[in-house]
Amino acid sequence: MRTSRSAWSIAGLVAGYAGLAASYCLAMVVTIHEWPLVAVAEQVIRLTPGGIVERAIGLLGHHDKTVLQLIVLLLVTLLFAWAGLLARRTWWAPTIVFGALAVVGGLAVHATRGTTTVDLLPVALGLATWLVCLSLLTEPLRRHDVAARTEEPLSRDHTRREFLLRGGIMVAGSIALGVVGRTVGRGRRHVEEARRLLRLPGVSAPEVPAGVRVGLPGVTSWATSATDFYRVDTAIVVPTVEPSDWMLRIHGMVDREVVLTYSQLIERQVTQAWVTINCVSNPVGGDLIGNAWWSGVRIADLLAEAGVQEGADAVLQTSDDGWTCGTPLAALTDSRNAMLAVAMNGSPLPIEHGFPVRTIVPGLYGYVSACKWVVEMKVTRFDDIEAFWTKRGWSEMGPVKTASRIDVPEDGGSIAASGGRVGGVAWSQHTGIAGVEVSVDNGPWQAAEIGTVPNADTWVQWAATLDVEPGDHQLQVRALDRTGAQQTGEVQDVLPDGATGWHTIQFTATEEDDSDG
Ligand SMILES: Nc1nc2c(c(=O)[nH]1)N[C@H]1C(S)=C(S)[C@@H](COP(=O)(O)O)O[C@H]1N2
Ligand SMILES: [Mo]
């Protein structure tokens with residue numbers, strides 16, 4: 001007996017819903033926005049003549065959107081079944097149906113909110129899931145039909161079982177993805193809403209100080225926007241913490257435990273500063289570094305209220321997601337601006353950067369200090385603790401190492417041989433940068449100009465003018481910190497406590513001024 005039409009349409013349906021579930025789940029995990037199906041429904045409302053929409057709303061009351069989504073869902077359900085049927089004869093016909101559905105979804109997403117690559121990912125994943133699932137499901141059906149023609153009963157039973165097994169796994173997987181997406185999406189939407197409604201007293205918008213820029217196009221912006229800020233964490237799904245649920249507990253080797261709610265925290269005196277933070281796993285010349293205007297509450301004051309006991313030298317910070325880091329107590333109690341930050345660049349922290357509260361400590365790498373979604377600080381001794389990364393071989397102390405980077409020209413780029421400009425950034429947080437030098441082809445070091453910065457906790461921009469022979473050259477950069485120490489040229493990898501070495505690039509000097517700066 002040959003396969004029935006219904007088996008093929010079921011294959012189309014199961015594959016179709018698996019694709020919807022995958023795209024829904026991804027949309028919920030990577031963005032806070034609605035998923036492609038809802039975007040389609042919204043576009044239908046937009047494109048339908050006003051009169052019809054009004055009559056529909058009159059008829060259906062405020063259920064109109066739900067009804068519309070159900071209609072769209074019913075429509076795609078029919079298309080899924082049809083795609084399955086088409087798969088009986090050709091592989092390309094269902095591919096076109098699914099492809100066309102993905103294009104409609106992509107266009108709707110685009111029209112609803114403009115597009116970044118991230119917004120289109122759920123559509124792409126949905127399409128890939130459709131095609132993979134459909135081919136996995138139709139493959140046993142095809143074999144079944146071959147077996148039916150050759151009257152091989154054993155193999156027919158086998159293909160039936162395989163079809164049911166694969167279909168069953170896909171249905172279960174789709175349900176699981178739907179549940180995950182729903183849970184993640186609901187949490188995120190709530191928190192995003194709470195974040196949008198927050199008003200933070202004492203938090204001001206960033207004003208980029210005069211003089212920080214060297215005015216060379218291509219050099220990384222001195223102030224980093226939240227969207228351009230690097231992100232490093234172990235969270236696959238970003239923790240979503242409601243400000244109203246957030247609490248910080250300061251305990252351990254203290255005289256009095258301190259417990260703070262979010263509203264108690266933001267009532268306190270706000271401290272604000274430009275601080276550059278970077279990642280210990282940033283390789284020489286890498287871009288895991290950013291500079292922002294942070295607003296928050298000084299940790300030193302909170303620790304003083306708790307009363308730190310004799311013998312403590314560390315604070316074990318714990319994130320809402322269980323991640324931990326051990327921070328030298330001295331860096332949290334000395335005069336530097338170590339803070340529980342609530343805002344980045346004048347707005348509540350983005351969820352990815354630790355909303356509602358994260359730690360910022362000038363001068364230390366992120367992995368020992370910059371705890372995002374921080375909920376607990378335990379005053380303790382380094383001898384008694386192990387934190388997430390120190391367990392994995394990274395150094396206990398994480399002072400930032402003086403470093404510098406060439407942004408212009410990029411490696412392999414070109415500049416004018418006569419008067420060509422080169423530039424980049426240099427940092428040595430909490431010590432400060434006193435100067436930057438460049439060297440061409442291992443020649444003498446030549447001083448670069450540097451921007452003037454408001455404090456020792458940020459990076460500086462630098463630029464220099466070169467006069468070299470036309471042709472291929474090598475360029476190196478090194479920084480001098482404010483204690484007079486030279487950035488080391490000794491090459492070391494990022495493990496265990498940060499990379500060292502001078503950033504080195506190759507470039508071509510050209511006769512005419514066709515620099516790409
Ligand atoms: N909860 C949590 N906080 C964390 C991390 C993490 O994995 N989980 N990573 C740290 C590391 S290694 C760095 S470099 C900084 C990066 O901060 P950003 O993502 O805001 O740039 O966050 C730190 N805080
Ligand atoms: Mo990091």
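The values are calculated or read from the model by the stated rules, or taken from the named source; none is laboratory data. Values in this document were obtained by computation on a predicted structure and should not be read as measured data. Ideal geometry is used to build each Cβ from the backbone, glycine not excepted, and the neighbour counts take in all protein chains shown. For accessibility, only protein heavy atoms count, side chains too; no ligands or nucleic acids. Shrake-Rupley method; radii C 1.70, N 1.55, O 1.52, S 1.80 Å.
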Kindly indicate which of ASN455, ASN442 is farther than 26 Å from VAL280 by Cα and either buried (at least 23 other Cβ atoms within 10 Å of the Cβ) or in contact with a strand residue (DSSP E or B) (Cβ under 8 Å, 6 or more places away or on another chain) (or both).
-> ASN442
Quick one: count up the residues across the range 83-98 that are part of a helix (DSSP H, G or I) and either surrounded by 14 or more Cβ atoms within 10 Å (Cβ to Cβ) or in contact with a Ser or Thr (Cβ under 6 Å, 6 or more places away or on another chain) (or both).
-> 9
Take ILE250 and decide whether it is over 19 Å from the mean Cα position of the chain (by Cα) and more than 24 Å from TRP389 (Cα to Cα).
-> no
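Taking GLU151, is it open to solvent by 80 Å² or more (accessible area, probe 1.4 Å), closer than 28 Å to SER4 by Cβ and among the charged types (D, E, K, R)?
Yes; evaluated as a whole, the condition is true for this residue.
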Please name all residue pairs, on different chains or six or more residues apart, with Cβ atoms under 7 Å, provided the first residue is in the range 443-463 and is in contact (Cβ under 8 Å) with a residue 12 or more places away in the chain and the second residue is among the basic types (Lys, Arg) and surrounded by fewer than 22 Cβ atoms within 10 Å (Cβ to Cβ).
-> GLY451/ARG213; ALA456/ARG482; GLN461/ARG213; ALA463/ARG421
Does CYS325 satisfy being open to solvent by 10 Å² or more (accessible area, probe 1.4 Å), within 13 Å of ligand 1 (Cβ to nearest atom) and touching a strand residue (DSSP E or B) at 6+ places or on another chain (Cβ under 9 Å)?
-> no
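I need the full set of residues from the range 361-382 which are within 14 Å of ligand 2 (Cβ to nearest atom), within 17 Å of the chain's Cα centre (by Cα) and among the hydrophobic types (A, V, I, L, M, F, W, C), in order please.
ALA370, CYS371, listed by residue number.
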Within the bounds of the range 365-379, is there any residue that is in contact (Cβ under 8 Å) with a residue 60 or more places away in the chain, surrounded by fewer than 21 Cβ atoms within 10 Å (Cβ to Cβ) and touching a Gly at 6+ places or on another chain (Cβ under 8 Å)?
-> yes
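Yes/no per residue for (1) of a type outside the set (S, T, N, Q); (2) out of contact with any Lys or Arg (no Cβ under 9 Å at 6 or more places or on another chain):
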position: LEU216; (1), (2): yes, no
position: VAL238; (1), (2): yes, no
position: TRP246; (1), (2): yes, yes
position: SER263; (1), (2): no, yes
Pick out the one residue from ASN278, ASN291 that is within 16 Å of ligand 2 (Cβ to nearest atom) and in contact with a helix residue (DSSP H, G or I) (Cβ under 8 Å, 6 or more places away or on another chain).
-> ASN278
Return a yes/no flag: does the range 402-412 have any residue that is farther than 16 Å from ILE505 by Cα and of a type outside the set (A, V, I, L, M).
-> yes
Set ASP481, ASP441: member being on the phi < 0 side of the Ramachandran plot and away from ligand 1 (no atom under 16 Å from the Cβ) | ASP481
Spot the failing condition for ARG358; the list is (1) within 30 Å of ARG195 (Cα to Cα); (2) within 14 Å of ligand 2 (Cβ to nearest atom); (3) touching a residue at least 40 places away in the same chain (Cβ under 8 Å), and only one is missed.
-> (3)
Checking GLU193, GLU257 in turn, the sole residue that is outside the structural domain of VAL297 (by TED's automatic domain parsing), open to solvent by 40 Å² or more (accessible area, probe 1.4 Å) and more than 13 Å from ligand 1 (Cβ to nearest atom) turns out to be GLU193
In the range 290-322, what residues are surrounded by fewer than 21 Cβ atoms within 10 Å (Cβ to Cβ) and among the polar types (S, T, N, Q)?
-> GLN309, THR318
Selection from the range 110-138 of residues that are more than 17 Å from VAL171 (Cα to Cα), assigned to a helix (DSSP H, G or I), open to solvent by 40 Å² or more (accessible area, probe 1.4 Å) and not aliphatic (A, V, I, L, M) | HIS110, THR112, ARG113, THR117
Residue hits (the range 340-393; more than 14 Å from ligand 1 (Cβ to nearest atom) and aliphatic (A, V, I, L, M)) are VAL379, ILE385
In the set ALA330, ALA343, which member is in contact with a strand residue (DSSP E or B) (Cβ under 6 Å, 6 or more places away or on another chain) and either modelled with pLDDT of 95 or more or away from ligand 2 (no atom under 16 Å from the Cβ) (or both)?
-> ALA343
Kindly indicate which of ASP334, ASP383, ASP287 is open to solvent by 30 Å² or more (accessible area, probe 1.4 Å), more than 23 Å from VAL270 (Cα to Cα) and without any contact (Cβ under 8 Å) to a residue 40 or more places away in the chain.
-> ASP383
Scan of the range 1-45 for residues that are outside any helix (DSSP H, G or I), touching a residue at least 60 places away in the same chain (Cβ under 8 Å) and open to solvent by 20 Å² or more (accessible area, probe 1.4 Å), ordered by number | MET1, ARG2, ILE32, HIS33, GLU34, TRP35
Could you give me the residue pairs with C-beta distances under 6 Å whose first residue belongs to the range 222-238 and is under 19 Å from ALA343 (Cβ atoms) and at pLDDT below 95, whose second residue is among the acidic types (Asp, Glu) and open to solvent by 40 Å² or more (accessible area, probe 1.4 Å) wherever it lies, and which are 6+ apart or on separate chains?
-> ARG231/GLU352; VAL238/GLU352
